[in-house]
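Okay, structure first, notes after.
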Amino acid sequence: MTTDLFTISVLVSPLLFVVIAILSWFIRGLRPHNLIRVSRISSYLAIIVALISVVIVYQFGLLESQSYDFNNLGFSIRLDSLSVLIFSMINLISFIVMRFSFNYMDGDNRQGVFIGRLAATIASVQLLVLAGNLGMLWIAWVLTSISLHRLLLFYSGRRRSKLAARKKFIAARLSDLFLLGAIVLLYNHFGTGNLQEIFSGLKSSPNALDPSIEIAAALIALAAILKSALFPTHAWLVEVMETPTPVSALLHAGLLNAGPFLVARMSFVMMESTSAPILLIVFGGFTAIFGSIAYMTQSSVKTALGYSSISHMGFSLLLCGFGIYAAAMLHLVAHSFYKAHAFLSSGSFIDVKKASKISLPKRTANPIVLIISIILAFTIFSGLAYLWGVNPIEELSLLVISCIIVMGLSLLIGTAFDSSAGRKLISRVVAMATLVALAFFSLETLMGTILKSQIPAISQPSTAVTILLFFWLIIFGGLVLIQIFAPMLKNKDIWQRWSIHFRNGLYANVLFDRLVGALYVKTSKEESDLIKRYD
């Protein structure tokens, strides 16, 4: 069996889900047992295909299928460490979401339709990460948006579903246009749509001063920003809760990752640009902070999870902007599994909370103790960074981002030290903080080793990026300090006022509504009757 046949065989996975989508046209109704049976088998086979792809890449390294194209722009499959990593993650999450949806949608009169639309969306995402040519990459990019749009409108009579879908549709079409513009520029410059030939051309002769590369990278950054719901076009993401829970799980754990994945896939193009990393750093950094603050002000579990996803997507693209692609992919994979679990278990959150007998220790709000805890957190970080051999000059970006992550540990340690808990809890928290810091350095190194040939090495940041590095370090540090000293501030008027503003997403959604006319979506007859009944 040739390596080309090995590569093409991976297409079995998306083709299985395409078959499910086609079968759903004929098996559309209540409890489609045959469709469910086919879907269950396909989900198992998809995981097997993912495992086979891992073995193939480990054995042979980078593999590309024969290209089916016109003037080097068309269809080809690319198997490398990056595509296999994300492909395996998608297949595992899809298996879980698909199985969950069988029970969740049981009793719905259009269960077959839902399963088909879900399968079509999964197939689109799989084709996106397997794309080896710019033509296939763009087609799969568009298909992910279209298939998601059909899922968002599964309950098309719901007004809020229409609102969210309309805003998502506009943002997605702008993202498609930006990516298309980047593809046209790259194709004209290199004369090919083959990703490997483009990357090889960039490695052999840097094009940092070429305006077409600069513009293409900036357009890729903008496409990723819009795709991953960064501020200020984020609002649709927290309004899609009208859709079934499996859609939310797949969206937050899979489809949103298309933005960071695109940037990582085109990382060699991004490294030749000066403006694109700055775009990612500015939009990603602000969105990460905005989303994390808004998350803490929400009363709805699913809305809070939506803002959490916004924050995490911002942080992933911030890492890409700093050129730390291994850490960005580590964060993306970890967030995907966490968010899939969070959404699929959100329905039982209240019951779990009520059944929980854990009571949090009372805070004492002692500033001296809090300062000591912060110093301890940075001592742990500095010691591990030294032992791990992090070079503060050559790996400045990694050092600063690691510092931001460890600031979160200072919040954990500060809460334990500044409480009525005993020494046992404090020692456990310190041990946990040390373990988390060690895990970050270890897993980032492991991810860097896995993706070594598919992402650029960490380089010395430019002057502009260095300034932004320390700017966001100060901002994140200030926010962590505010959280640590929150017991002293929570009764302040300014604290109360700003919490209301962030709970409403800084009102960016209102402006977006007016811009796209989403406020004028008609209410369905069913909803009108329901409103009259309860008025």
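The values are calculated or read from the model by the stated rules, or taken from the named source; none is laboratory data. Since the structure is predicted, the reported quantities are computational estimates derived from the model, not experimental observations. Virtual Cβ from ideal backbone geometry, glycine too; neighbours counted across all protein chains shown.
Going by the structure shown, is A276 out of contact with any Leu (no Cβ under 8 Å at 6 or more places or on another chain) and farther than 23 Å from L511 by Cβ? In short, yes. Looking at L82, L128, just one residue is outside the structural domain of P246 (by TED's automatic domain parsing), touching a residue at least 24 places away in the same chain (Cβ under 8 Å), in a helix (DSSP H, G or I) and in contact with a Phe, Trp or Tyr (Cβ under 7 Å, 6 or more places away or on another chain), and that residue is L128. Among all residues of segment 199-207, there is none that is under 18 Å from the mean Cα position of the chain (by Cα) and either farther than 30 Å from Q66 by Cβ or modelled with pLDDT under 85 (or both). Give the residue that is surrounded by the fewest Cβ atoms within 10 Å (Cβ to Cβ), with candidates limited to residues of segment 56-79 that are closer than 23 Å to G193 by Cα and either touching a Pro at 6+ places or on another chain (Cβ under 8 Å) or without any contact (Cβ under 8 Å) to a residue 40 or more places away in the chain (or both). Applying the filter and picking the extreme gives F70.
The rows are residues; the columns are (1) of a type outside the set (G, A, S); (2) in contact with a strand residue (DSSP E or B) (Cβ under 7 Å, 6 or more places away or on another chain).
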{"site": "I122", "(1), (2)": "yes, no"}
{"site": "Q126", "(1), (2)": "yes, no"}
{"site": "L152", "(1), (2)": "yes, no"}
{"site": "K168", "(1), (2)": "yes, no"}
{"site": "L195", "(1), (2)": "yes, yes"}
{"site": "F199", "(1), (2)": "yes, no"}
{"site": "S212", "(1), (2)": "no, no"}
{"site": "I215", "(1), (2)": "yes, no"}
{"site": "A218", "(1), (2)": "no, no"}
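Selection over segment 436-470 of residues that are closer than 21 Å to F283 by Cα and without any contact (Cβ under 8 Å) to a residue 12 or more places away in the chain gives a count of 2.
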